[in-house]
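Before any comments, here is the structure.
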Amino acid sequence: MNFIYPKTVNEAISGALKMFGENHVTATIWKASVAVLAASLGFVFYMLFTEGHASFNTSSDGVNWGSAIATYVYFALISSGLTIIASLATVFGFKQFYPVAKRCIWLAIVTLIAGFAVLALELGHPFRMLWAVPSGMQIYSPMFWMGVFYVIDLGLLIVKFYLMWKEDWDSPFSHFIGIAGFIAVVLASGMLGLLFGSMAMRPMWFGSATSVFFILSGVLSGAAAIVFSVYLAYGFDTKNMPEQLRSLALSDQLPKVFATLIGIVLVFLLTRIWVGLWSNQDGMEGFVALLNTPWFHLEVWVCLALPFLMMLSPSMQLAPKWQVTASILVLAGMFIERLQFIVAGQNVPMFKGTWMNSVTPYTPSLTESALVVVGISTALALYALGERLSNLSAAPKESIEAAGQLARG
Amino acid sequence: MAKWGMVIDLEKCVGCQACTVACGMENSRLPGEMWQDVIFFTEGTHPSAQLKWFPRPCQHCENPSCVAVCPTHATYKTEDGVVLVDWNRCIGCKYCMIACPYGVRFYTDEKPLVAPDMRKVLASKDDHSWNPPWKMPDAREDWKHGVGIQPHDVVSKCTFCYHRISKAPPGTPDLDPQDPKLREFTPACVVTCAPGARYFGDLSNPNSEVSRMIGDKRGVRLLDQLGNKPQVYYLTGDGGAVPSSRAINKKV
Ligand code: SF4
Ligand code: SF4
């Protein structure tokens, strides 16, 4: 899309307002997601003011963390994955990825904000958190460190985006911010994994592998998000894309990276299931229950194995429609994964006794579902805003050359 | 400094749940949301199956995982070995509920456990989550120590009746409810237990009755393999039992 991009804050604000009257894909996403956001957020606020968090289906003697936490983890890890993908160009010198770097950083900002927004609405006292966490200094808590690293991550992302907006791709400072951001995001997503992985009393989560899995599956969901977003921005037609972006989209590097990431995640998931079913350890029963749900099979076979094969097949891997299909399936699959991971880890009661004779059931309430919608529409609205107000496909000149070489093979 | 702990003799416990009720009254618990619960389960199979039970307060662990995970330090361990929640700091993230192996923590704002919802019938006009007709004198309410009627959107749990035990004369080895001088410092559940199955005292004092009983009668701790090291011990004797495994069979 060839927009005229605003240069000042005032122009940006009026640009955002004007988008309501414009007619293109981005404007449609903007209008639709703002409307959905207003409706879902309105509903959530109404429920929180009238019923409070009692409008959630979570409970003290069953599933304490429900779909809202899953949504937070989903978005936080998409954000981390996007940042890591941007680092391919900004930190590791794979210049062919420059055409998506700025878009990745913007998407990382918006998905993290969406995640934080959902988390804030889940917490009992989100404002109290602002002083109680820094003053508590509970350095043993994985949640404390996760918060510290994600806040640093968000700050660095915003600085990096500002620098990119100013066309500063390669100054030492910009480079430093890139490296610092990469370190912060690995620590943040790894710590998010440890938040679950440290829980010896929840054997389905326990272990350092959870942390590695979070980082790698984050990269996969980030990859899916960037593929989807690039096609979305150009009306699902590579002909509309600027030269260097088209060559990246049409090279076989992208599907290869995509397939590798799906493969890694599948290995993690299937080995985890193996250990879960094989082990006699008390508390692993949840894996049997997991295997009995249709969601699990939808995730593994339809949302992961199928795109894996698509991205390996020489006849499909380069076709935009299959790339888009694969990315949508992966994004859906990763959402199922986050929800299942979090719920299944909690619904084997700690010991037998009254009221707790089987796997505790949990289905998100209407309010919790609306909160998921709040997250998705926040991310989409902010994405459209970025698309309209800044050239997300901007890249340094030399990357055009690198991309050209890639296209020529 | 004392290290308060509890011993529950399961051979004496009759499963009457008077402790649950006493705790509910003492601490203004919402009906159904019991800090001190008696858990029933079965051992063995038909025709020789037996109904068993064990009372479960917060275990006030020596290595409390709830304290370590709390990002705000709202949950903390006092010098005298009691684990408490500061309601002025708690942000309601529920991580402690995830990390507690004993399921003894409660978040206030949930679907009501019994109907009608007492939070609506006896609605509070201030920060409290409800306004029960029975409650401790306002002067005793102490949110820093998680004592009193719980405010909204925080997590609560058994305090070992901190408002009572913290007033006990220093150096007392056992808070014996039979002793009129100590009765008001003894946790409500211990005072009320009709068969006298509950004992409360100083685990750091080798001569306290609780210490001796744990040694003499082989006190066991719930889910000890997790390493939280509860300060609540169970004496199983010939008839009592603590559940040794989780609720469901692997082949569900
Ligand atoms: S029983 Fe649970 S809430 Fe009580 S101290 Fe131990 S870990 Fe904490
Ligand atoms: S819910 Fe409250 S007490 Fe529990 S971990 Fe969070 S802040 Fe700490």
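Using R0 = 25 Å, the C-beta based FRET efficiency linking A:W131 and B:D127 works out to 0.90.
The phi-based Karplus calculation (6.51 cos²θ - 1.76 cosθ + 1.60; θ = phi - 60°) puts the 3J(HN,Hα) values of segment A:23-30 at 9, 7, 4, 4, 5, 4, 4, 4 Hz, whole numbers, x for Gly and Pro. Any idea how far the Cα center of segment A:152-183 sits from the one of segment A:64-126, in Å? Between the Cα centre of segment A:152-183 and that of segment A:64-126, the gap is 15 Å.
What number, in percent, do you get for the relative contact order of segment B:4-235 if the mean sequence gap of Cα pairs under 8 Å and at least 6 apart is divided by its residue count? Don't jump to the answer; show the numbers that get you there.
Details: 456 pairs, mean separation 65.4, N = 232.
Relative contact order comes out at 28 percent.
Peptide A:142-149 is shielded by partner chain Cβ atoms: per residue, an average of 3 of them sit within 10 Å of its Cβ. Counting only other residues whose beta carbon sits under 15 Å from that of A:A384, what net charge do I get with K and R as +1, D and E as -1? So the surrounding residues net to +2. Here, P(r) means the percent of Cα pairs in each 10 Å bin from 0 to the largest distance; for the protein assembly as shown it is 3, 15, 23, 23, 16, 10, 6, 3, 0, 0.
When a/c reaches 1.5 or more, the comparison of a/b and b/c decides; with that in mind, is segment A:90-192 rounded, prolate or oblate per its Cα gyration tensor?
prolate
Rounded, prolate or oblate: which fits segment B:61-198 when a ≥ b ≥ c are the square roots of the eigenvalues of the alpha-carbon gyration tensor, with rounded for a/c under 1.5 and prolate only if a/b beats b/c? Oblate. Just add up the charged neighbours of A:I69: K/R +1, D/E -1, any other residue whose Cβ is under 9 Å from the Cβ of A:I69. Computed value for this residue: +1.
Computed with a 1.4 Å probe on the full set of protein chains, the accessible area for A:W145 sits at about 80 Å².
At 222 nm, what value in deg cm²/dmol follows for chain B if DSSP H runs of at least 4 each add -39500 (n - 2.57) and the sum is divided by all its residues, to the nearest 500?
Working: 7 runs with 40 residues, N = 252.
That comes out to -3500 deg cm²/dmol.
Each Lys or Arg adds one and each Asp or Glu subtracts one; over the other residues with Cβ under 10 Å from the Cβ of A:A132, this totals +1.
Excluding ligands, DNA and RNA and using a 1.4 Å probe, chains A and B jointly bury around 4600 Å² of accessible surface, summed across both partners. Here is the list for segment B:36-145: GluC sites (Glu not before Pro) lying in DSSP coil, each with at most 12 other C-beta atoms within 10 angstrom of its C-beta, are B:E79.
At a probe radius of 1.4 angstrom, the accessible area of segment A:16-408 per residue rounds to 38 square angstrom.
Whole number in Å², please: accessible area per residue of chain B, 1.4 Å probe, ligands, DNA and RNA not counted. Walk me through the numbers before you get to the answer.
Working: 10420 Å² over 252 residues.
Value returned for chain B: 41 Å² of accessible area per residue.
With helices as the sole contributors, chain A gives -23500 deg cm²/dmol at 222 nm; each DSSP H run of n ≥ 4 counts as -39500 (n - 2.57), and the sum is divided by every residue. Using a probe of 1.4 Å on the protein chains alone, the accessible area found for A:V302 is around 60 Å².
Given a 1.4 Å probe and every protein chain left where it sits, what share in percent of the accessible area of the protein assembly as shown is carbon and sulfur? Could you put the intermediate results ahead of the total?
Details: 17430 of 26690 Å².
Accessible surface attributable to carbon and sulfur in the protein assembly as shown totals 65 percent.
Within 10 Å of each Cβ in peptide B:72-78, how many partner chain Cβ atoms are there on average? Round it to a whole number, please. Mind dumping the intermediate values first?
Working: counts 14, 10, 5, 3, 2, 0, 0.
Whole-number average of other-chain Cβ neighbours for B:72-78 is 5.
Measuring gaps between exposed loop sites in chain A (trypsin sites (Lys or Arg not before Pro); DSSP loop; at most 13 other Cβ atoms within 10 Å), the longest gap, sites not included, is A:167-409.
The values are calculated or read from the model by the stated rules, or taken from the named source; none is laboratory data. Keep in mind that what you see is a predicted model, and the values were worked out from it rather than measured. Every residue, glycine among them, receives a Cβ derived from its backbone with ideal geometry; neighbour counts consider all protein chains shown. Surface accessibility is based on the protein's heavy atoms, side chains included, excluding ligands, DNA and RNA. Shrake-Rupley method; radii C 1.70, N 1.55, O 1.52, S 1.80 Å.
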